[in-house]
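I have placed the structure first, in the form of C-alpha cells, so that the comments after it can refer back to it.
The values are calculated or read from the model by the stated rules, or taken from the named source; none is laboratory data. Bear in mind that the values here come from a model prediction, so they are computed numbers and not experimental data. All Cβ positions, even for glycine, are placed from backbone atoms using ideal geometry, and neighbour counts span all protein chains on display.
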Amino acid sequence: MEEQIISKAIIETYIKELISYLDVDVAIVGAGPSGLICAYYLASAGKKVAIFERHLKIGGGMPGGGMMFNRIVVQEEAREIMKEFGVRLKKYSEKLYTADAIETISAFTFKTIKAGAKIFNLISVEDVIIREKMITGVVLNWTAVDIAHLHVDPLGVKAKAVVDATGHDSEVCRIVERKLGEDFKVIGEKSMWAEKGESALTENTKEVYPGLFVCGMAANAVAGSHRMGAIFGGMLLSGKKAASLILGKL
Ligand code: 48F
C-alpha cells in the first residue's frame, strides 16, 4: 500500500463531495444539538443539507453537559424526539428526564448523517450572500485560517435556506446585522432563567429575514430572550420546528 494512494483517496473524495455541496437546499451553520436535529428532519424529508461546523468536534455545548458534568436534562415534551434517536432516558421527576450527554450527541450525529445530511467540520461561516433582500448562501473559510489570522479569501455556497444554529452568539444573524444596518437587529440573550428561556424558544424559532431561519440558542439571542443552561428539550423542539418551517417553504 502506497502512501500517496491513501492521500489521493482522502483528497479526491473530500473535494468531490465538497463540490457537490456548493449548491444545497439548506445550509445549516453549527453542529450543536439544534442544528443537528434540524438537519435530521430536513434530510429525512429528502432535502440536500450541509452543516458547516467551526470546530473539530461535533455537538456544540451538549457534550460538556452542565459545567462538565456530562449529563443533560430534557423535558417530557421532547421525550418523543429522544425516543426517535434511541437515546436512553432516566426519569428524574414528574416532568424531567436525564440522559448521558455523550450518548445523546453521538446518537444525534450518527442518525443525522445516516438520514443523509453532510457535516463539514473545521469550516467557519464568515459571511452570507444577499441578493434582492434575500439570504441566498453562506461564505466559508477554513477555521484554521481564522485562528491564524491569515488573509485568505473565502468561498461561497448557494442555499435555498440558511439556518443560524450557532448558539449563544447568533453569529450568522450578527453578520447580517452588520451588513444590513438598520434593517436587521439582534437584541442579544438575557441572563439565565430556564423556564422563561425554554418557553420563549419555540416562538423565537422562525424565519428572521427572507431565506434566514434561526433555531436553538441563536433564536433566543436574536429575540432578546433568556438563556437556560443544560436543559435541552427546547433546543430539540426548536430544531424540529425550524425544519418544518423550511419544509413548508421549499
Ligand atoms: O452552542 P451550540 O450547542 O448551539 P445550540 O444548538 O445549543 C445550545 C446548547 O448547547 C446550550 C444551551 C442549552 O440550553 O444553551 O448552550 O443552540 O452549538 C453551536 C455550534 O455552532 C458552531 C459552534 O462551534 C457550535 O458547535 N458555530 C458557531 N459559530 C459558527 C459555528 C460559525 N460562524 N461557523 C461555523 N460554526
Unmet criterion (only one of (1) within 11 Å of the ligand (Cβ to nearest atom); (2) closer than 27 Å to His226 by Cα; (3) in a helix (DSSP H, G or I)) for Asp146: (2)
Filter result for Lys190 (basic (Lys, Arg), surrounded by fewer than 24 Cβ atoms within 10 Å (Cβ to Cβ) and over 17 Å from the mean Cα position of the chain (by Cα)): yes
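Can you give me the number of residues within region 157-182 that are in contact (Cβ under 8 Å) with a residue 40 or more places away in the chain and more than 18 Å from the chain's Cα centre (by Cα)? I'd like the intermediate steps shown before the answer.
Of region 157-182, the ones in contact (Cβ under 8 Å) with a residue 40 or more places away in the chain are 157-173, 175-176, 179-180.
Then drop every residue that is not more than 18 Å from the chain's Cα centre (by Cα), which leaves 179-180.
Within region 157-182, residues that are in contact (Cβ under 8 Å) with a residue 40 or more places away in the chain and more than 18 Å from the chain's Cα centre (by Cα) number 2.
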Conditions (1) within 11 Å of the ligand (Cβ to nearest atom); (2) surrounded by 24 or more Cβ atoms within 10 Å (Cβ to Cβ): number failed by His55: (2)
Members of region 81-137 found to be surrounded by 16 or more Cβ atoms within 10 Å (Cβ to Cβ), of a type outside the set (Val, Ile, Thr) and within 30 Å of Glu177 (Cα to Cα), listed by number: Ala117, Lys118, Phe120, Ser124, Glu126, Asp127, Gly137
Scope region 49-91; condition basic (Lys, Arg) and touching a residue at least 60 places away in the same chain (Cβ under 8 Å); matching residues: Arg54, Lys57, Arg71
Set Val172, Val163, Val138: member being of a type in the set (Val, Ile, Thr) and either more than 10 Å from the ligand (Cβ to nearest atom) or more than 18 Å from Gly30 (Cα to Cα) (or both): Val163
Tabulated pairs, region 117-135, first on the phi < 0 side of the Ramachandran plot, second surrounded by fewer than 16 Cβ atoms within 10 Å (Cβ to Cβ) and among the acidic types (Asp, Glu), C-beta under 9 angstrom, 6+ apart or interchain: Lys118/Glu17; Phe120/Glu17; Ser124/Asp146; Glu126/Asp146
So Ile28, is it among the hydrophobic types (A, V, I, L, M, F, W, C), crowded, with 23+ Cβ neighbours inside 10 Å and at pLDDT 95 or above: yes
Complete set of residues in region 31-51 that are surrounded by fewer than 24 Cβ atoms within 10 Å (Cβ to Cβ) and either near the ligand (Cβ under 9 Å from one of its atoms) or of a type in the set (Lys, Arg) (or both): Lys47, Lys48
Wholly within region 1-115, strands (runs of 3 or more DSSP E) carrying at least 3 residues that are out of contact with any Asp or Glu (no Cβ under 9 Å at 6 or more places or on another chain): 23-29, 49-53, 96-100
Filtered residues of region 62-80 (kept if within 16 Å of Cys38 (Cα to Cα) and either surrounded by 20 or more Cβ atoms within 10 Å (Cβ to Cβ) or touching a helix residue (DSSP H, G or I) at 6+ places or on another chain (Cβ under 7 Å) (or both)): Met62, Ala78
Count of region 151-172 residues which are in contact with a strand residue (DSSP E or B) (Cβ under 9 Å, 6 or more places away or on another chain) and not in a strand (DSSP E or B): 9
Residue count, region 192-250 (criterion: free of Cβ contacts under 8 Å to residues at least 60 places away in the same chain, small (Gly, Ala, Ser) and outside any helix (DSSP H, G or I)): 2
Considering residues of region 220-250 that are near the ligand (Cβ under 8 Å from one of its atoms) and of a type in the set (A, V, I, L, M, F, W, C) only, the residue nearest to the chain's Cα centre (by Cα): Met235
